[in-house]
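Reading through the structure tokens given below for one structure.
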Amino acid sequence: MSTLIVEGLSVHYGGVRAAHDVSFTVEPGQSLGIIGANGAGKTSTLKAVMGLAPRQARRIGFGEHDLLRAPAHTLVRRGIGYVPEGRHVFPGLSVEKNLLLGAYTGNWKRTPIGEVYDLFPVLGEMRHRLAGALSGGQQQMLAIGRALMCRPRVMLLDEPSMGLSPILVEEIVTALKRLNGDGLSIVLVEQNAKLTFDVTATCLVMENGEIAATGTSAALRVDPQVRRIYLGL
Ligand code: ATP
């Protein structure tokens with residue numbers, strides 16, 4: 001079992017400061033949400049953990065692994081799954097081939113594809129369809145399923161609810177809760193604060209690249225300022 005530790009993470013794109021001194025810890029089986037407005041630095045933080053954005057940090061570690069020195073493509077083998085913003089499925093390949101590509105990491109053990117079809121039955125029904133022919137919600141399920149194929153121990157998800165209808169958002173919430181209940185650690189970046197509070201136990205609120213508040217999701221859900229800014233209440 002491994003803990004994800006991020007300490008003093010900053011991201012700069014040239015002169016643009018996207019994240020500054022961000023720190024958090026995700027224990028095995030824990031679920032952490034990162035909410036904030038457009039441009040708050042959520043995506044940059046997640047990408048930087050994955051080694052996909054220019055970063056500086058005192059420490060980024062997962063269990064005994066030092067992720068600051070690990071090339072991005074090796075993170076999957078360390079048990080870190082990543083579902084990027086915008087899904088990025090391979091539109092010209094079948095659903096099943098997209099999933100099998102997710103399992104292709106050389107020597108890492110893979111999840112039986114049936115487990116993904118059990119979580120998202122629609123993917124099983126459409127396994128021979130081209131991924132490009134799926135709806136946005138189905139593509140999001142495929143992106144999550146693909147990340148699951150490497151049997152991750154922690155999963156980083158960037159805006160999985162983007163562009164989805166409320167019913168599909170509910171399906172994604174149910175799936176994420178089930179995965180977390182089965183012991184998978186989750187880091188969920190979202191503009192949709194309600195969804196995030198539904199899925200995660202604790203949350204960070206980001207503003208202008210920094211952590212403006214942290215707390216349990218239950219406490220943040222009833223915090224008057226959070227309700228006003230992020231829930232529009
Ligand atoms: P969103 O919800 O819109 O994805 P976010 O909270 O994820 O927002 P980021 O995408 O991390 O925020 O962006 C943080 C800041 O960094 C913004 O000011 C953004 O314009 C800037 N930024 C992001 N990516 C780049 C890039 N590749 N080059 C330059 N600036 C960038």
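Normalised by residue count, the chain yields a Cα convex hull volume of 118 Å³ per residue. Against the empirical curve 2.2 N^0.38 Å, the C-alpha radius of gyration of the stretch 4-129 lands at a ratio of 1.21. Only helices enter this figure: runs of n ≥ 4 DSSP H residues, each worth -39500 (n - 2.57), summed and divided by the residues of the chain, yield -9000 deg cm²/dmol at 222 nm to the nearest 500. Surface analysis of the stretch 122-202 yields an accessible area of 37 Å² per residue, using protein heavy atoms and a 1.4 Å probe. The smallest convex shape that holds all Cα atoms of the stretch 70-193, its convex hull, gives 104 Å³ per residue. Note the count of lysine pairs whose C-alpha atoms are less than 29 angstrom apart in the chain, limited to pairs 8 or more residues apart or on different chains. Final tally of qualifying lysine pairs is 10. A 1.4 Å probe over all protein chains sorts THR196, THR214 by accessible area into THR214, THR196, starting with the largest. Mean separation of Cα pairs under 8 Å and 6 or more residues apart, divided by the residue count, gives the stretch 72-132 a relative contact order of 46 percent.
Accessible surface comparison of THR174, THR202, probe 1.4 Å, protein chains only, largest first: the order is THR174, THR202. In the chain, carbon and sulfur make up what percent of the accessible area (probe 1.4 Å)? The computed percentage sits at 53.
In this structure the amide hydrogen of ALA18, modeled in the peptide plane, comes within under 5 Å of the amide hydrogens of VAL11, HIS12, TYR13, none closer than 5 places in sequence on its chain. Could you pull out the trypsin sites (Lys or Arg not before Pro) across the stretch 65-173 that fall in loop regions by DSSP (anything but H, G, I, E, B) with no more than 12 other Cβ atoms inside 10 Å? In loop regions of the stretch 65-173 (DSSP not H, G, I, E or B), the sparsely surrounded trypsin sites (Lys or Arg not before Pro) are ARG69, LYS109. The residues of the stretch 45-88 expose, per residue, 49 Å² of accessible area to a 1.4 Å probe. Which percentage, to the nearest 5, of the DSSP beta bridges contained in the chain is antiparallel? Around 55 percent of the beta bridges assigned by DSSP in the chain are antiparallel ones. Based on C-alpha pairs under 8 angstrom that are at least 6 apart in sequence, the stretch 8-147 has a relative contact order of 20 percent.
Taking TYR104, TYR13, TYR117 in turn, the Gaussian network model of the chain (Cα-Cα springs below 10 Å) assigns the largest fluctuation to TYR13.
How high is the relative contact order of the stretch 116-233, in percent, counting Cα pairs under 8 Å that sit 6 or more residues apart? For the stretch 116-233, the relative contact order is 18 percent.
Heavy-atom accessible area with a 1.4 Å probe sorts HIS88, HIS20, HIS65, largest first, into HIS88, HIS20, HIS65.
The values are calculated or read from the model by the stated rules, or taken from the named source; none is laboratory data. No experiment lies behind these values; they were computed from the predicted model shown. Every residue, glycine among them, receives a Cβ derived from its backbone with ideal geometry; neighbour counts consider all protein chains shown. Note: areas computed on protein heavy atoms with side chains; ligands, DNA, RNA excluded. Shrake-Rupley method; radii C 1.70, N 1.55, O 1.52, S 1.80 Å.
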